[in-house]
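Note sheet for the following structure.
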Amino acid sequence: MSASFASVQWPAIIKLHADDELMYVADAERFFSDHALQQIQLMEQDRLIDSSGAVYHINKASTLTLIPAGISLSLDQIDVLLRRHLSNRGACCVSKLHSNSISDAIADVMSLQN
């Protein structure tokens, strides 16, 4: 694992570029071993967002690494991503969604994947 994995506050979500789908990632080990994640062709524009809102570039050049993007998303920005994700899944009344924390929003993504 890259040293950058140590700075990630797990769990996290992956925001796929040009897609409203969010993917839950419990920890660094699952990032490497999750079968569904391994099947996806992650692109340079995809981002990992951790429980603090920190954003990371996903680099797949020779080894899989995360590179801090130097930005963090606010709870409001995370809620917008979650609303789009829920709407994409056909949920109704998503405009009323408001999470108490970024960790809660990420937990919501996990509960929707089960």
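Potential lengthening of the chain between HIS57 and LEU75 amounts to 4.5 nm, from the contour at 0.36 nm per residue minus the alpha-carbon distance. Extending 7 Å from the Cα toward the beta-carbon at both SER99 and ASP20 defines two label points whose distance is 1.7 nm. Size of the chain from its Cα atoms: along the principal axes, largest to smallest, the extents are 43, 26, 23 Å.
Using only Cα atoms, tell me the angle between helix 75-88 and the longest principal axis of the chain; keep it within 0 to 90° and round to the nearest 10. Tilt relative to the chain: about 80 degrees. Relative to the dominant Cα principal axis of the chain, helix 102-113 is inclined by about 90°.
Dividing the alpha-carbon radius of gyration of region 64-114 by the rule-of-thumb value 2.2 N^0.38 Å gives 1.26.
A short reminder: the numbers here are calculations on the coordinates, not readings from a lab. Bear in mind that the values here come from a model prediction, so they are computed numbers and not experimental data. Note: ideal-geometry Cβ built from the backbone for every residue, glycine included; neighbour counts use all protein chains shown.
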